[in-house]
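Right, one structure below, let's go through it.
The values are calculated or read from the model by the stated rules, or taken from the named source; none is laboratory data. Quick caveat, the model's predicted, so the values are computed rather than measured. Positions of Cβ are generated from backbone atoms using ideal geometry, with glycine treated the same way; all protein chains shown enter the neighbour counts.
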Amino acid sequence: MGDITIERHGRGVVRLLMAQKATRNALGEDLRGQLIQALEPLLTKGGARVVILASGLKDFSVGGDLKKMDDLPDVKAGRQRIRAAHPLAQMLLATDIPLIAEITGHAVGAGAGLALICDTIVMAETASIGFPFARVGLAPDFAIGHTLPQRMGLARARQALLYARSYRGVEALDVGIADDVVAVDKLTLTVMERAEELAALPSLALGLTKRMLAHAQDPAAVLDFEAAAQPLCFASPDFAEGLAAFREKRKPKFDPDIN
């Protein structure tokens, strides 16, 4: 599929590799369109239990394509351009399916934003994630103003964005951006282990948990949501299986496989 390769693994784990060499996976109109085309059936039609976003190149993504921004001094054109990037971000933010970012090389600007939307971020020790917007006279985009404070807290996010910081490997782990940092030769293996762990859990419960966490800053909304969500779990085959497995002292078997 153009610059996108889709790998299907057992139990509904799907690994999606971006490889647009000419732009180093810059999230321009073309690559965004390919990502939407590849992701839509996976995220909305039961095509996957876990989706991994990865790169087939040295870098994860270098962000926006600065070579194609000559018309942006026109405010109307600039507004249209930034709105055009929103459908991909909105699709990823709205999905109930767990997302994992597998980061090699640089994840910069909107490329960092793509990674930050994911539920789990696994980085190579040599990889870096950065927010250089202010250095080129821009404000953050691709939902970073929402996702980065959730990752590292508002105070640290303020420093990261105002000072256009980048974080490499273990430093990204220390400030709360990355969830795992491993040697390059163990990156994909670690990502697959995380994906298989998620794929073995009940998809209904994981999806409802993701929706609940979207209201994390509003305790009243969380209580309202759990009052609606938990009864759905109580009535699900997954809970029946989990309860039976607990009582029988065995490992539960949730959900049918997706091949």
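Before moving on, here are some points about what is shown:
- Condition met for Gly176 (of a type in the set (Gly, Ala, Ser), more than 30 Å from Val75 (Cα to Cα) and free of Cβ contacts under 8 Å to residues at least 24 places away in the same chain): no
- Ala216 being in contact with a Cys (Cβ under 6 Å, 6 or more places away or on another chain) and within 27 Å of Gly12 (Cβ to Cβ): no
- Test for Ala178: is it assigned by TED's automatic domain parsing to the domain that holds Glu125, surrounded by 12 or more Cβ atoms within 10 Å (Cβ to Cβ) and in contact with a Pro (Cβ under 9 Å, 6 or more places away or on another chain): no
- Condition check for Arg151: over 17 Å from the mean Cα position of the chain (by Cα) and not acidic (Asp, Glu): no
- Check on Ala160, surrounded by fewer than 18 Cβ atoms within 10 Å (Cβ to Cβ) and touching a residue at least 12 places away in the same chain (Cβ under 8 Å): no
- Check on Val191, surrounded by 15 or more Cβ atoms within 10 Å (Cβ to Cβ) and not assigned by TED's automatic domain parsing to the domain that holds Ile117: no
- Only one of the listed residues (Phe131, Phe142) is among the aromatic types (Phe, Trp, Tyr), touching a helix residue (DSSP H, G or I) at 6+ places or on another chain (Cβ under 6 Å), at negative phi and assigned by TED's automatic domain parsing to the domain that holds Gly78. That residue is Phe131.
- Selection over the range 212-231 of residues that are over 21 Å from Gly153 (Cβ atoms) and surrounded by 14 or more Cβ atoms within 10 Å (Cβ to Cβ) gives a count of 4.
- Looking only at the range 120-173, residues that are in a strand (DSSP E or B) and either of a type in the set (Val, Ile, Thr) or in contact with a Leu (Cβ under 6 Å, 6 or more places away or on another chain) (or both) come to 5 in all.
- The set of residues in the range 199-214 being farther than 17 Å from Leu92 by Cα and under 16 Å from the mean Cα position of the chain (by Cα) consists of Ala199 alone.
- Evaluation of Glu196 against (1) modelled with pLDDT of 95 or more; (2) of a type outside the set (Ser, Thr, Tyr); (3) more than 30 Å from Gln150 (Cα to Cα) (one fails), failing number: (3)
- Residue within the range 239-251 that is assigned to a helix (DSSP H, G or I), in contact with a helix residue (DSSP H, G or I) (Cβ under 7 Å, 6 or more places away or on another chain) and at pLDDT below 95 present: yes
- Check on Val184, modelled with pLDDT of 95 or more, surrounded by fewer than 18 Cβ atoms within 10 Å (Cβ to Cβ) and in the same structural domain as Leu53 (by TED's automatic domain parsing): yes
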